[in-house]
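Single-structure report; data block below.
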Amino acid sequence: MYYAPVLIIHSWLRWATLLLAIAATVNAFRNDPDLSKPMPGRQWDTLFMMALDFQVLFGLLLYFGLSPFTMQASKDIGSVLHESNLRFWSIDHIAWMGAATILVRVGRVLALNATSAQVRRKWRATFFTLTTVTILAGIPWPGLSYGRPLFRFW
């Protein structure tokens, strides 16, 4: 009953998260001239992290109760490693997105604790780029054996 709406929200939220990831990453490369001033464009960082948090929340709802893939995987753990579709949804996808969530937080904390504006810029640019690439790697792109449509409708 709740599976379809949560899945649709999760699917559409991916685009907001991905766009904000790109915006925050591009912003992280901007000149950061002074450590005594707030990071330039820091609102992009916040919006990106919020979108990723909501994305993860809806993903966890799917993972721990609503998704037929993870329910099937939990019933037959041995089949998970042998079937690519099941492996992606029960291990790979959550690992990629968990890594992305950790990377963005680590980058933000390192930037906030940086000793110079150049180091702050380097941490943000490096970790936001890694986060964006990680998100891109974890998306079930159409054409892959576990792929999904780019836009999901009711």
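Suppose every K and R has +1 on its Cβ and every D and E has -1 on its Cβ; what is the size of the dipole of the chain about the Cα centre, in Debye to the nearest 20?
Its charge dipole is roughly 400 debye.
Apply the a/c threshold of 1.5 to the C-alpha gyration tensor of the stretch 77-154 and tell me whether it is rounded, prolate or oblate.
Since a/c reaches 1.5 and a/b is larger than b/c, the shape of the stretch 77-154 is classed as prolate.
(1) 16.6; (2) 17.8; (3) 16.1: which one is Kirkwood radius over Cα pairs in Å as calculated from this entry?
Recomputing Kirkwood radius over Cα pairs in Å here picks out (1).
With point charges of +1 on the Cβ of Lys and Arg and -1 on the Cβ of Asp and Glu, referenced to the Cα centre of the chain, which listed residue (Asn27, Ser74, Met49) lies farthest in the positive direction of the dipole?
Farthest towards the positive pole: Asn27.
So what's the gap between the Cα centers of the stretch 39-62 and the stretch 116-154, to the nearest angstrom?
Cα centroid of the stretch 39-62 versus Cα centroid of the stretch 116-154: 12 Å apart.
In the chain, with Lys and Arg counted as +1 and Asp and Glu as -1 at Cβ, which of these residues, Leu150, Val106, Val119, has the Cα nearest the positive end of the dipole, that is, farthest along it?
Of the listed residues, the answer is Val119.
Taking 0.36 nm per residue of separation and subtracting the Cα-Cα distance, what length does fully extending Arg152 through Met71 add?
27.0 nm
If I stretch the segment between Asp92 and Ser145 completely, what's the gain in nm (0.36 nm per residue apart, minus their alpha carbon distance), one decimal?
Between Asp92 and Ser145, full extension yields an extra 17.8 nm.
So if each residue of separation counts as 0.36 nm, and I subtract the Cα-Cα distance between Gln43 and Thr115, what length gain in nm does that give?
23.8 nm
Helix by helix, which DSSP H runs in the chain go 20 Å or more along their axis at the Cα atoms and have an average Kyte-Doolittle hydropathy of -1.0 or more?
3-28, 42-61, 93-112, 117-138
No value in this document is a laboratory result; all are computed from the given coordinates. Please read these numbers as outputs of a predicted model, since none were measured by experiment. Here the Cβ is made from the backbone with ideal geometry for all residues, glycine too, and neighbour counts use every protein chain on show.
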